[in-house]
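Student: Take a look at this one; I'll ask things after.
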Amino acid sequence: MTAAPRPAPAVQPDAPIFDAKAFRLSDEQAELMARARHLGQTVFAGRAAAYDREATFPTENYKDLHRSGLLGIAIPKHLGGGGADYQTYSLTAAEIGRYCGATALTWNMHVCSTLWSGPLADDLEMDAATRAEHDKRRAVHYRRIIDDGAIYSQPFSEGGAAAAGGVAFGTEAKPVKGGWLVSGKKIFASLSGHANYYGVLCTEVAEGEKASRRNTLYLAIPADAPGVSVVGDWDPLGMRGTVSRTLIFKDVFVGEDAAMLPRGVYFQAALRWPHMFLTLSPTYMGLAQAAFDFTVKYLRGEVPGTPPVKRRMYPTKQIAVAEMQVKLEQIKAIWFQAVTEACPNPSKEQVLRAYAAQYATMEGANDLARLAIRTCGGQAMLKSLPLERIYRDSRCGSLMLPWTAELCLDRIGRESLYEAGETDE
């Protein structure tokens, strides 16, 4: 008589990165975080290696995000979404980042289309007619996401100073009857070839006018619109599943209903809501936690697929874990404070703290991964284990525009020493 197969052991749920009681979070926030954490631990983590190895987009994960309601997490509740504010989205995104960095990073590009046009836009100045028109337009975009699982991307970089806020975007929108003709190029365009709509930041330039950042538009361009093409290969060091190839727009017509924000509102947001550029950091907060999690499980002999050999009894390992714990708590503290106090018209101190949080998280995640590899030893470098991928993915964080590690340091130093308008002349 053949014995019945044993049921698979139940997966012990991971503890939250930010405990709801300790960080004074609401039950609703804790539920969203738990939903994302369960999806990440039980589904996304198992797929992450294949997406990384093959540099393919995590399409299946997006289907799961849609089914779970997380694709519309930041869409206002009265328009059918989850109603998450900035802090809630950030905490939830960090949970996904600890299991699949590429999914979390691309999900950020998608969610920002709703976060910027939703909660952030609600904090900005618009006259009654403009706001009514904006509400009407964004409801159309949101319905596509909620009903059809439509994916929106947010191509930003162009290879020059535009993405850092230095000059106007080189991608231009020429006003024509009923809409615009868009032409330009976006590089490192995450979700390229896989998003249904590209949320393109471009400069509206009428005949004879000079390009100005004040005239930045945020337009949702259908991926299948005539004149849209995806070019180039994608074989990077890390974040391989983002599939960030180059997007080309050549006289692409989009109607007026494509506007994700009204004229002038993106420029207003960039000045008054600077934390909008901190939303790449949750992914790296999650990766920092993942590096620490792996180290503890490895030293305890609990990493799936490895022999149950304990290494936790060695003082050198204990000291290394203690150092990692201290660094992780430092990153968590400044990052949580920054995403919690995000608001329109922040103080100088709050902006400086946001820069510091970005720097600490983006650089700290990779430093924790480095310490994890040194502590765990040679096996940690095997591609069959996630730490090698965590290290490569986390190295990409310091390069992320518009707030790269270098730019954060530059701004912290300059803005600490100078008040607005001050010079040495």
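The values are calculated or read from the model by the stated rules, or taken from the named source; none is laboratory data. From a predicted model like this one, the values you see are computed outputs, not experimental measurements. Positions of Cβ are generated from backbone atoms using ideal geometry, with glycine treated the same way; all protein chains shown enter the neighbour counts. Quick note on the areas: whole protein, heavy atoms, side chains included, nothing else; ligands and nucleic acids left out. Shrake-Rupley method; radii C 1.70, N 1.55, O 1.52, S 1.80 Å.
Student: When the residues of region 133-187 are filtered to those that are in contact with a His (Cβ under 8 Å, 6 or more places away or on another chain) and assigned to a strand (DSSP E or B), which remaining residue is surrounded by the fewest Cβ atoms within 10 Å (Cβ to Cβ)?
Tutor: Among them, the one singled out is Tyr152.
Student: Of all residues being aliphatic (A, V, I, L, M) and surrounded by 14 or more Cβ atoms within 10 Å (Cβ to Cβ) in region 324-338, which is farthest from Pro282 (Cα to Cα)? Just the residue, please. If you could, list the steps in order and put the result at the bottom.
Tutor: Our first condition is that a residue be aliphatic (A, V, I, L, M); within region 324-338, this holds for 324, 326, 328, 331, 333-334, 338.
Now drop any that are not surrounded by 14 or more Cβ atoms within 10 Å (Cβ to Cβ), which leaves 324, 328, 331, 334, 338.
Values: Met324: 19, Leu328: 14, Ile331: 11, Ile334: 12, Ala338: 11 Å.
Residue satisfying both the conditions and the ranking: Met324.
Student: Does Val321 count as open to solvent by less than 70 Å² (accessible area, probe 1.4 Å), outside any helix (DSSP H, G or I) and aliphatic (A, V, I, L, M)?
Tutor: Against the criterion (open to solvent by less than 70 Å² (accessible area, probe 1.4 Å), outside any helix (DSSP H, G or I) and aliphatic (A, V, I, L, M)), Val321 does not qualify.
Student: Counting just the residues of region 296-306 that are out of contact with any Cys (no Cβ under 6 Å at 6 or more places or on another chain) and open to solvent by less than 80 Å² (accessible area, probe 1.4 Å), which one comes out farthest from Ala372 (Cα to Cα)?
Tutor: Within region 296-306, the match that is farthest from Ala372 (Cα to Cα) is Thr306.
Student: Looking at region 101-121, is at least one residue touching a residue at least 12 places away in the same chain (Cβ under 8 Å) and over 18 Å from the mean Cα position of the chain (by Cα)?
Tutor: yes
Student: Of all residues in region 34-51, which are under 17 Å from the mean Cα position of the chain (by Cα) and either over 20 Å from Tyr89 (Cα atoms) or open to solvent by 70 Å² or more (accessible area, probe 1.4 Å) (or both)?
Tutor: Ala48
Student: Still on this model: Is there a residue being in contact (Cβ under 8 Å) with a residue 12 or more places away in the chain and closer than 26 Å to Ala20 by Cα anywhere in region 307-323? Step through it out loud before you land on a result.
Tutor: Taking region 307-323 and keeping what is in contact (Cβ under 8 Å) with a residue 12 or more places away in the chain, we get 311-312, 317, 320-321, 323.
Still in the list and also closer than 26 Å to Ala20 by Cα: 321, 323.
Scanning region 307-323 turns up at least one residue that is in contact (Cβ under 8 Å) with a residue 12 or more places away in the chain and closer than 26 Å to Ala20 by Cα.
This table checks each residue for (1) open to solvent by 20 Å² or more (accessible area, probe 1.4 Å); (2) at pLDDT 95 or above; (3) assigned to a helix (DSSP H, G or I); (4) among the small types (Gly, Ala, Ser).
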| position | (1), (2), (3), (4) |
| --- | --- |
| Thr361 | no, yes, yes, no |
| Asn366 | no, yes, yes, no |
| Thr375 | no, yes, yes, no |
| Ser384 | yes, no, no, yes |
| Ile390 | no, yes, yes, no |
| Asp393 | no, yes, yes, no |
| Pro402 | no, no, no, no |
| Glu406 | yes, yes, yes, no |
